[in-house]
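The values are calculated or read from the model by the stated rules, or taken from the named source; none is laboratory data. Note that the structure is a prediction, hence the values are computed from the model and not measured. Positions of Cβ are backbone-derived with ideal geometry, glycine not excepted, and every protein chain shown enters the neighbour counts. The area values use the complete protein model at the heavy-atom level, side chains included, leaving out ligands, DNA and RNA. Shrake-Rupley method; radii C 1.70, N 1.55, O 1.52, S 1.80 Å.
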Amino acid sequence: MNKFFIFCFILLIHSCSGTKQLVQQNIDPYNYSSTKKTIVSNGAVVSAHPLASKVGLQILKEGGNAFDAAIATQLALAVVYPGAGNLGGGGFMVATRSNGDRLALDYREMAPASAHRDMFLDEKGNVMEGRSVLGHLSSGVPGTVAGLFETHQYARLPFKKLIEPAIALAEKGFKITAREASGLNSISGNLKQYNTMATALQKEGQWKAGDTLIQKDLAQTLVRIRDNGKDGFYEGRTAQLIEEEMKRGGGIITKEDLKSYKAKWRTAYAFDYKGNTVVSMPLPSSGGLLLHQMMKMLEKKDIQKMGFHSPEAVQLMIEVERRAYADRSEFMGDADFYTAPVQAITSQAYLDQRMQDFIPGKAGKSTEVLPGKIKVSEETTHLSVIDREGNAVAVTTTLNNGYGSITVVGRAGFLLNNEMDDFSIKPGVPNIYGAIGGQANAIVPGKRMLSSMTPTIVLKNNKPFLIVGTPGGTTIPTSVFQTLLNIIDFDLSTEEAVNKPKFHHQWLPDRVDIERDFPSTLAKALEKMGYQMHPRSAIGRTEVIRVLPNGQFEAVADKRGDDSAEGF
Ligand code: DON
């Protein structure tokens, strides 16, 4: 193996004057670093990994639009960011096209045909510990590859071209970061336990920064996708390998499940906030709805005057978070299987009513603030892309938590998700993010599990202003919510909006999660009001592109990871 192998992309791009220019751009997978901020005029990509962002940038430079770049970046992430980038998971794309069209694509995983409501319970009705989280049974039918091909109708370059960088990265390998090394080391025991064959993610001894990760089986799967399109994944050898893996490991996904999987176009979820239009993901993500509820519960209160990170502002935000998440647990699930009362829980009268028991300076209690009353029956990663034509793309995609089910499909080289845990496996039993649910999010064959992923585009005068999203399980909507308020209401710089400490309340457990650098005086002030403060690890990894008043793009990558912003 040549350690200094360098990908040479020889590009032909057209300059504004129409003359052809030969541009040579190198992406060196053995020598790269993160760029946390860039201000550019022609196009920008922010993603969780420098190599993936560079691949996206390359595609933009080659004449691809934001959709091309989003596809190529996701494919590269499936190789260089195995903890969350994926072929074996799912995601959502929210986009606004230069002609004003709004798009929302759902490529969330779905429950296999033989899944059933109580599949994670034993004969006494108790939860079988860990079965929805690790190993073969925890996987839903993957959606990512179907999503990429649906997205491609809005792209400009051939799919074959968009997948080449990912194939090269898998085939030749790339240098892993210290973070990746520690991630892989942390799952080494589980990799042994939940795999039926050796995987490329395993190594004699410990991984360290600078080691090369080569994924030959994954490269072959990518080649089959390149040569056979969507069928290269959902049919033929890859589908066969997935089914065989399931049989070896006691999973239930079949070739029929794979063949029947479809990405679904949804109506983008939109609402106005202080003269901006927020465009986000509808069900089966709770993201758009939660954002709507949280932002509209406080829009009339003068939060700007209270000030960024003032106890008054943070308390108000905690209380709207509490109320929105209580509703999530009761009313939200895949709308194709459950009649979600979307109108009822987002009407302004309802939201105003929800805030009637809010007392400034005094903590609410989740035992008293229950889901609202209505009159009806009833390790993720984000990337943001913009191009010079004005297409904006926000994609959040996931295997669920880090490295998903930990199960790699034998001879196919990709990790499967553990998204079944995002269903409510038993009413009232929390998932790995502590979220509870019931009927609305119960397991049904073919149903998609409720998500928190919130790829979001904010429009000003109908033009993209912010492209935002983050991983983080249930903290995703609150991170997006806070990032938007930080910019729109508190007038923070984009970097501050992304990097300042975040907090999170999700109704149950009744506590405020805070990042470790959350100001201690603020935490004390909130404790005095009656809140239980709960310091925890980093909340999210938010990637933002902001369109500046002069039309330039400011791309900012979260400091919390290897995330990187590229542009030109
Ligand atoms: O769809 C969801 O809400 C979760 N599966 C997302 C998981 C996630 O963000 C993990 N990242 N830290």
* Asked: What pairs can you find where one residue is in segment 510-525 and closer than 19 Å to TYR325 by Cα, the other is among the aromatic types (Phe, Trp, Tyr), and their Cβ atoms are less than 6 Å apart, with a gap of 6+ or different chains?
  -> VAL512/PHE503; VAL512/TYR531; ILE514/PHE503
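Here's the yes/no breakdown for (1) assigned to a helix (DSSP H, G or I); (2) of a type outside the set (A, V, I, L, M, F, W, C); (3) within 16 Å of the ligand (Cβ to nearest atom); (4) surrounded by fewer than 20 Cβ atoms within 10 Å (Cβ to Cβ):
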| position | (1), (2), (3), (4) |
| --- | --- |
| GLN293 | yes, yes, no, no |
| LYS296 | yes, yes, no, no |
| LYS305 | yes, yes, no, yes |
| VAL314 | yes, no, no, no |
* **Selected residue (criterion: farthest from PRO112 (Cα to Cα)) from residues of segment 452-471 that are outside any strand (DSSP E or B) and away from the ligand (no atom under 11 Å from the Cβ)** => ASN461
* To do: Run down GLU496, GLU515 and say which single residue is surrounded by fewer than 24 Cβ atoms within 10 Å (Cβ to Cβ) and within 16 Å of the ligand (Cβ to nearest atom).
  => GLU515
* Do we have any residue at all in segment 216-233 that's within 25 Å of SER34 (Cα to Cα) and touching a Leu at 6+ places or on another chain (Cβ under 7 Å)? -> no
* Asked: Is it the case that some residue within segment 435-451 is in a loop (DSSP other than H, G, I, E, B), within 14 Å of the ligand (Cβ to nearest atom) and among the small types (Gly, Ala, Ser)?
  -> yes
* Asked: Filtering segment 102-147 down to residues that are open to solvent by less than 10 Å² (accessible area, probe 1.4 Å) and β-branched (Val, Ile, Thr), which residue is nearest to the chain's Cα centre (by Cα)?
  -> THR144
* To do: Just give me the residues in segment 260-291 being within 16 Å of the ligand (Cβ to nearest atom) and aliphatic (A, V, I, L, M), in sequence order.
  => ALA263, MET281, LEU283, LEU289, LEU290, LEU291
* Structure fact -> Within segment 407-449, residues being modelled with pLDDT under 95 and under 25 Å from GLU245 (Cα atoms) number 0
* Structure fact -> Of the conditions (1) open to solvent by 30 Å² or more (accessible area, probe 1.4 Å); (2) in a loop (DSSP other than H, G, I, E, B), the single one that PRO501 does not satisfy is (1)
* Search result, residues across segment 523-568 that are among the aliphatic types (A, V, I, L, M) and open to solvent by 10 Å² or more (accessible area, probe 1.4 Å) -> ALA523, ALA525, MET529, MET533, ALA538, VAL547, LEU548
* Looking at this structure, is PHE490 touching a helix residue (DSSP H, G or I) at 6+ places or on another chain (Cβ under 8 Å) and either of a type in the set (Phe, Trp, Tyr) or within 16 Å of the ligand (Cβ to nearest atom) (or both)? -> yes
* Asked: Would it be correct to say that THR73 is modelled with pLDDT of 95 or more, over 27 Å from LEU169 (Cβ atoms) and β-branched (Val, Ile, Thr)?
  -> no
* Asked: Residues ASN86, ASN31: which one is in contact with a Pro (Cβ under 8 Å, 6 or more places away or on another chain), assigned to a loop (DSSP other than H, G, I, E, B) and modelled with pLDDT of 95 or more?
  -> ASN86
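Do we find that ALA181 is under 24 Å from PHE337 (Cβ atoms) and open to solvent by less than 30 Å² (accessible area, probe 1.4 Å) in this structure?
no
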* Structure fact -> Screening PHE331, PHE414 for residues that are open to solvent by less than 30 Å² (accessible area, probe 1.4 Å), in contact with a helix residue (DSSP H, G or I) (Cβ under 8 Å, 6 or more places away or on another chain) and within 30 Å of GLN202 (Cβ to Cβ) leaves only PHE414
* To do: Go through segment 374-407 and count every residue that is within 12 Å of the ligand (Cβ to nearest atom), assigned to a loop (DSSP other than H, G, I, E, B), open to solvent by less than 10 Å² (accessible area, probe 1.4 Å) and of a type outside the set (S, T, N, Q).
  => 2
* To do: Of the numbered conditions (1) over 27 Å from LEU526 (Cβ atoms); (2) touching a helix residue (DSSP H, G or I) at 6+ places or on another chain (Cβ under 8 Å); (3) hydrophobic (A, V, I, L, M, F, W, C), PHE337 fails exactly one; give the number of that condition.
  => (2)
* To do: Kindly list the number of the only condition in (1) assigned to a loop (DSSP other than H, G, I, E, B); (2) within 23 Å of PRO50 (Cβ to Cβ) that fails for THR483.
  => (1)
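Every residue, every condition in (1) more than 18 Å from PHE271 (Cβ to Cβ); (2) in contact with a strand residue (DSSP E or B) (Cβ under 8 Å, 6 or more places away or on another chain); (3) at pLDDT 95 or above, yes or no:
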residue	(1), (2), (3)
LYS296	no, yes, yes
LYS305	yes, no, yes
ILE318	yes, yes, yes
ARG323	no, no, yes
GLU330	yes, no, yes
ALA344	no, no, yes
* Single residue of VAL79, VAL55, VAL94 found to be among the β-branched types (Val, Ile, Thr) and more than 23 Å from GLY472 (Cα to Cα) -> VAL55
* To do: Could you grab the pairs with beta carbons closer than 8 Å, sequence gap of 6+ or different chains, first residue in segment 410-422 and under 22 Å from SER132 (Cβ atoms) and in a loop (DSSP other than H, G, I, E, B), second one open to solvent by 10 Å² or more (accessible area, probe 1.4 Å) and within 9 Å of the ligand (Cβ to nearest atom)?
  => ASN418/ASN401
* Restricting segment 408-428 to residues that are β-branched (Val, Ile, Thr) and away from the ligand (no atom under 16 Å from the Cβ), the residue that is farthest from TYR234 (Cα to Cα) -> VAL408
